[in-house]
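Enquirer: Take a look at the following structure, please.
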Amino acid sequence: MQARTLCIATVATLVLALLTACEPPADEIDAPPMDDEVPIDEEVPSMRDLDDGPAEHLLFHDGEIEWQDAPASLEPGGEVAILEGDPGEDGVFTMRIKMPDEYYIAPHEHPNVERVTVISGRFLLGQGEEMDRDATTPLEAGSYTSMPPGMVHYAIADGETVIQLTSVGPWVIEYVDDEDDPRLRD
């Protein structure tokens with residue numbers, strides 16, 4: 001048993017010696033670049049600087065959400081419910097958009113991030129400057145997407161659909177084609 005223990009200890013020592021011999025000296029190791037490091041004397045914004053949150057606890061049960069007609073920047077027939085914040089002001093906001101079957105939002109983009117959760121129904125999301133239902137990605141209830149600023153996209157409701165959208169206001173929608181902008185129609 002002593003010989004076996006001695007043999008295992010010797011092998012372990014040899015392996016450790018080999019591994020140590022393969023490592024470069026500490027002064028030769030290249031450190032990863034730290035370009036994004038903030039100097040200690042600069043203030044780093046906290047989440048509170050970006051989002052104060054609500055003044056009081058917000059809680060909505062399903063039947064308590066107040067719906068209103070969608071803004072003029074969206075097609076008629078949709079409804080919105082503002083859950084938190086104000087889409088027309090600076091700051092984080094959350095709203096829901098209720099769309100009837102076949103409701104669409106033509107190709108457009110936003111200057112801020114857009115985070116969307118599908119609450120109910122089926123949301124067909126497409127990318128690009130031309131609407132193509134066959135090129136969309138179907139998002140079922142419970143699905144989530146986060147789109148970076150400037151991403152051109154479009155959407156179609158497949159059945160009555162409700163989405164929840166969180167972004168940073170003021171919320172701006174810029175259509176690729178002016179003819180698709182409901183605000184510019186007679």
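No value in this document is a laboratory result; all are computed from the given coordinates. All figures in this text were calculated on a predicted structure; none of them were measured in a lab. Ideal geometry is used to build each Cβ from the backbone, glycine not excepted, and the neighbour counts take in all protein chains shown.
Enquirer: Please tell me if Leu125 is under 28 Å from Ile65 (Cα atoms) and in contact with a Lys or Arg (Cβ under 8 Å, 6 or more places away or on another chain). Don't jump to the end; show me each part of the working.
Expert: Values: under 28 Å from Ile65 (Cα atoms): yes; in contact with a Lys or Arg (Cβ under 8 Å, 6 or more places away or on another chain): no.
Taking the combined requirement at face value, the residue does not satisfy it.
Enquirer: Can you pull out the strands (runs of 3 or more DSSP E) entirely within region 41-148 that have at least 3 residues that are over 14 Å from Thr161 (Cα atoms)?
Expert: Values: elements: 79-84, 91-99, 104-109, 114-120, 122-127, 137-140, 144-147.
By residue number, 79-84, 91-99, 104-109, 144-147.
Enquirer: Another question about this same structure. Go through region 120-166 and report how many residues are over 12 Å from the mean Cα position of the chain (by Cα), buried (at least 17 other Cβ atoms within 10 Å of the Cβ) and among the aliphatic types (A, V, I, L, M).
Expert: Within region 120-166, residues that are over 12 Å from the mean Cα position of the chain (by Cα), buried (at least 17 other Cβ atoms within 10 Å of the Cβ) and among the aliphatic types (A, V, I, L, M) number 10.
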